[in-house]
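First up is the structure itself, then whatever we jot down about it.
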Amino acid sequence: MAAHTDVGEDAAARRDRAVRAAVEQGLVGGADAAEPLTCLLDTAGIRASAAALTSAFAGVLAPGTPVLHAFAVKAAPLVPVLRLLADAGLGCEVASPGELALARAAGVPAGRTVLDSPAKTAAELREALALGIAVNADNPQELERLDALLAAAPTTAPIGLRINPQTGAGAIDALSTATATSKFGVALRDPGARAWLVRAYLDRPWLTRLHIHSGSQGVPLALIAQGVRELHALAEEINAAAGRRQVDTLDIGGGLPVNFASDEETPTFAQYVTALREAVPALFDGSYGLVTEFGRALLAKHGLVLARVEYTKTSGSRPIALTHAGVQLATRTAYAPAAWPVRILAYDAKGAAKTGDVVAQDVAGPACFAGDLLAVGRELPRLAPGDLIGVPDTGAYFFTAHYGYNSLPRPAVHGFTVGPGGEVRFRLARPAQSLSAIVAEAGGALGDALL
């Protein structure tokens with residue numbers, strides 16, 4: 001693995017140091033020539049999260065148990081991020097041809113890649129099977145498609161089936177994958193489903209895995225663990241019916257919630273493992289290999305949006321700061337603010353933490369719709385033009401999954417490290433999108449096509 005020399009200070013101190021350095025080095029700022037928006041990733045923090053995940057499981061698994069921690073690419077679809085995580089020992093979980101292409105571009109081996117998706121095409125399945133990528137089928141019709149593909153071209157790729165344990169919803173309905181009517185997997189509690197699942201495995205000796213993903217933001221650990229317990233029980237039932245260890249690997253998904261209210265990282269991977277050990281202790285006895293698919297929990301706390309305050313105004317006696325960060329980055333916050341509140345950090349034009357009396361103010365983005373707000377009535381030191389706002393905890397699903405509203409360009413993403421003397425070094429992980437690229441993506445070369 002590549003060495004890194006980050007100074008041993010906490011994540012918040014590294015973050016503030018990086019903000020000052022970003023201004024000093026011209027990555028963002030108030031001058032006319034400076035970028036009004038940039039995004040930062042703390043590579044030391046990402047490595048620490050990867051280590052926390054791997055060590056939490058390694059500390060309790062029976063010796064020799066095969067385990068793959070596959071990063072959910074959708075959480076941060078950037079090739080340098082995937083390379084960093086691969087260097088830290090993680091593989092990739094992909095859910096589209098694009099995500100698979102990113103994982104391959106990052107050099108992640110097929111044997112450390114898992115393909116999930118509720119709508120895989122025959123071409124996607126054929127490619128995955130040919131490459132030896134693990135596949136989790138979603139439904140009976142996909143199994144029938146796999147029957148035909150395997151008859152035409154046998155594979156060594158591990159194949160499993162996703163189940164929906166129907167254990168219930170968390171606090172955010174749109175992210176709850178284990179409800180009674182979830183679109184994912186085979187509904188375990190539907191009439192006849194369990195018997196059908198056992199028969200499906202007995203009829204297909206090549207089905208050797210079971211998959212679940214019952215966690216996500218807003219889902220408590222106990223509910224996640226309950227789903228994994230259902231998965232383990234089904235595997236035991238299938239193997240008993242088969243009279244052999246047909247199911248040899250359990251893919252327990254990911255979905256560990258993230259604390260967006262403070263810098264504290266909670267729940268931890270260690271707490272997650274403790275919850276699993278309490279709910280299904282046999283999971284760790286070496287009977288099954290394990291696969292995990294974490295995304296948000298690995299990256300969220302290590303990302304920061306930095307945006308210049310362009311103007312301030314007052315409307316209805318409420319101060320409003322107009323910034324360059326909004327719905328194009330924090331899409332879920334703009335459309336579902338109660339479910340996805342973000343913190344706002346105030347910095348002056350030099351990147352120093354802003355102090356002074358606080359005042360309730362709105363922090364707005366640049367898009368042309370009224371709901372493009374990062375915060376409403378937030379108590380902050382009064383912001384002024386040229387100041388910067390920081391939006392922490394945005395390393396997953398925020399600036400890495402751009403929303404093209406108003407054709408706002410994708411901002412640059414820089415990874416940073418802090419050296420032993422406190423110096424901050426930035427590495428470009430994604431360049432800012434040019435206006436010519438926006439035009440090209442919008443059919444610029446086909447201007448006369450509809451005339």
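Laboratory data are not the source of any read-out in this text; all were calculated from the coordinates shown. Just so we're clear, the structure is a prediction, and the values are computed from it rather than from any experiment. With ideal geometry, Cβ positions are generated from the backbone for all residues, glycine too; neighbour counts draw on all protein chains shown.
Listed values, structure above:
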{"read-out": "The chain - share of DSSP beta bridges that are antiparallel (%, nearest 5)", "value": "50 percent"}
{"read-out": "Amide H within-cut-off set for residue 289, under 5 Å, with H built and near neighbours excluded", "value": "249, 250"}
{"read-out": "The stretch 45-299: radius of gyration over Cα atoms, expressed as a fraction of 2.2 N^0.38 Å", "value": "0.95"}
{"read-out": "Whole-Hz couplings from phi, Karplus 6.51/-1.76/1.60, listed for the stretch 429-440; x for Gly and Pro", "value": "9, 7, x, 4, 6, 7, 5, 5, 5, 4, 4, 4"}
{"read-out": "Cβ-placed point charges (K, R +1; D, E -1), dipole of the chain about Cα centre in debye, nearest 20", "value": "160 debye"}
{"read-out": "Amide H contacts under 5 Å for residue 361, placed H, 5+ residues apart", "value": "377, 378, 379, 380"}
{"read-out": "Cα principal axis extents for the chain, largest first, Å", "value": "71, 61, 45"}
{"read-out": "Sequence-distant lysines (8 or more away, or on other chains) whose Cα lies within less than 23 Å of residue 183", "value": "74, 120"}
{"read-out": "Using θ = phi - 60° and Karplus 6.51 cos²θ - 1.76 cosθ + 1.60, couplings along the stretch 280-295 (whole Hz; Gly, Pro as x)", "value": "8, x, 5, 4, 9, 8, x, 5, 10, x, 10, 10, 10, 9, 7, x"}
{"read-out": "Euclidean distance between Cα centres, the stretch 365-419 to the stretch 21-84, Å", "value": "18 Å"}
{"read-out": "Distant-in-sequence amide H partners of residue 256 (H built 1.01 Å from N, under 5 Å)", "value": "295, 297"}
{"read-out": "Within the chain, longest stretch free of exposed GluC sites (Glu not before Pro) [DSSP loop, at most 15 other beta carbons within 10 Å]", "value": "10-263"}
